[in-house]
Amino acid sequence: MPQPPDRSVHWQPGFPVDARLTLQSLRRGFHDPTHRVEPDGTVWRTARTASGPVTYRIRQQRLDDVHIDVWGPGATELADSVRRELGADDRPELFRPRHPVLRSAVHRLRGLRIPCTGRLFEALVPAVLEQRVVGLDAAASFTRLTLLYGDPPPGPAPDGMRLPLPPETWRTIPSWEWRRAGVDLHRSATIIEASRHAARLDHAAGDPAYAYALMAKLPGVGVWTAAQVGHRALGDADALPLGDYHLGTMTGLALLGRPLADDEIEPFYEPFRPHRYRVVRLLELTPGAAPRHGPRAPHAGPLG
C-alpha cells in the first residue's frame, strides 16, 4: 500500500512554473542521489531542513498547477517553503530583453524561474566541488561521497536516493576517501571549514547581503562559488558567475557573434542588472550555445 505523504501542497500559481526546468540547476549530474526525474517529468528530491530530513515529490500537468507531496520530520517546513523553492518570489516578467536570442529563449522557456531553496550549505558543497574541474568530474565526486556516506531518505523515495550529507559528516570523511572521489586537498578543506559555519550560513538565507558577506569570509569561497549558491539557494537572478571558463565564449558567440575577452564580460552584463544570471541561464538552455562545462578560469584565483 502506498505510504501517504505527511504533507501535501496543491499550488495553482497565477504565472507559469515549470518545476522540472526550474529545479534542473540544482541537479548535480544525471546520477545525483538527491535528485531524480522520472520519465513522466515527476521530480523527486531529498533535503535536510532545520526540522529534519525530507523526501518530496513534485508533479504537474500544466504550468499553472503543481502538486507537491512531502514525507519526513521536516515535511511541514518544506511544505511551507516549497513555493519559494520553485521561484514564487522570482520576477521573470520584469525581464524584457531586446536581443532576439534572449527574446526567443524567454518565449521558449516559459515557466523557467530562479529557485530559492534557502539551504545555503546544501548548495555550497557542490559549488566547491565544481571549482576548477570538469562538471562531470565534480558530479561524480558528489555522487560517490553521497552514496557512500548518505542516509536513506524518508518515505517512498526511488531506490538509490540518499539524503544530502549533514555538516558533521563532511567533517569526518577520511582523507583517502576524498582522494578516491577525486577531490583535492584545497576543495576538501574548504568544505570542511564551511561545515563548521553551516548553521550560520543557513540562518542567513533571509538576508542575501549578509549571506554573501558570510561566504566572502570563508577561505576558498570566491565570487564564482558564491554566485552558484546565490542562484540556487537565495533566488538571486543577478548572481553573475564571474570566473567561469566558458562564460565569455558562450555569451559573446550567442549575443555578439564573437567571444568576449575576460575584461569585457562584466561591463557587457552591466545593462542586464538585476537579471544577469537569468541571461546566463537562458543561454545555458539555448541549443547551440557554447560549451559551459569545464575548468574554471585560472584568473578566478585560488579561492574559487
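The values are calculated or read from the model by the stated rules, or taken from the named source; none is laboratory data. Small disclaimer: the values here were computed from a predicted structure and weren't measured. Reconstructed Cβ throughout: ideal geometry from the backbone, glycine too, with neighbour counts over all protein chains shown.
Structure data summary
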read-out	value
Subset of the range 227-267 that is of a type in the set (D, E, K, R) and more than 30 Å from residue 48 (Cα to Cα) - its residue that is surrounded by the fewest Cβ atoms within 10 Å (Cβ to Cβ)	263
Subset tally (residues that are polar (S, T, N, Q) and either surrounded by 23 or more Cβ atoms within 10 Å (Cβ to Cβ) or more than 29 Å from residue 136 (Cβ to Cβ) (or both)) for the range 23-59	5
Number of the exception - residue 238 against (1) in contact with a Gly (Cβ under 7 Å, 6 or more places away or on another chain); (2) farther than 19 Å from residue 129 by Cα	(1)
Yes/no for residue 110 being more than 21 Å from residue 240 (Cα to Cα), outside any helix (DSSP H, G or I) and either touching a residue at least 60 places away in the same chain (Cβ under 8 Å) or in contact with a helix residue (DSSP H, G or I) (Cβ under 8 Å, 6 or more places away or on another chain) (or both)	yes
Where a residue in the range 157-178 is on the phi > 0 side of the Ramachandran plot and its partner, wherever it lies, is surrounded by 15 or more Cβ atoms within 10 Å (Cβ to Cβ) and of a type outside the set (Ser, Thr, Tyr), with Cβ under 7 Å and at least six apart	160/33
Neighbours by Cβ (under 7 Å, 6+ apart or cross-chain): first from the range 72-101, not assigned by TED's automatic domain parsing to the domain that holds residue 238 and of a type outside the set (Phe, Trp, Tyr); second assigned to a loop (DSSP other than H, G, I, E, B) and surrounded by fewer than 16 Cβ atoms within 10 Å (Cβ to Cβ)	73/51; 74/51; 76/51; 77/50; 77/51
Any chance residue 122 is of a type outside the set (Ser, Thr, Tyr), buried (at least 20 other Cβ atoms within 10 Å of the Cβ) and either at pLDDT below 95 or outside any loop (DSSP other than H, G, I, E, B) (or both)	yes
When residues of the range 156-175 are limited to those that are among the charged types (D, E, K, R) and part of a loop (DSSP other than H, G, I, E, B), the one nearest to residue 2 (Cα to Cα)	159
Criterion: modelled with pLDDT of 95 or more and of a type outside the set (Lys, Arg) - qualifying residue of 73, 2	73
Test: residue 105 is in the same structural domain as residue 163 (by TED's automatic domain parsing) and either surrounded by fewer than 22 Cβ atoms within 10 Å (Cβ to Cβ) or not in a loop (DSSP other than H, G, I, E, B) (or both)	yes
Flag if residue 84 is surrounded by fewer than 17 Cβ atoms within 10 Å (Cβ to Cβ), in contact with a Gly (Cβ under 8 Å, 6 or more places away or on another chain) and in a helix (DSSP H, G or I)	yes
Criterion (out of contact with any Leu (no Cβ under 7 Å at 6 or more places or on another chain) and touching a residue at least 12 places away in the same chain (Cβ under 8 Å)) met by exactly one of 18, 65	65
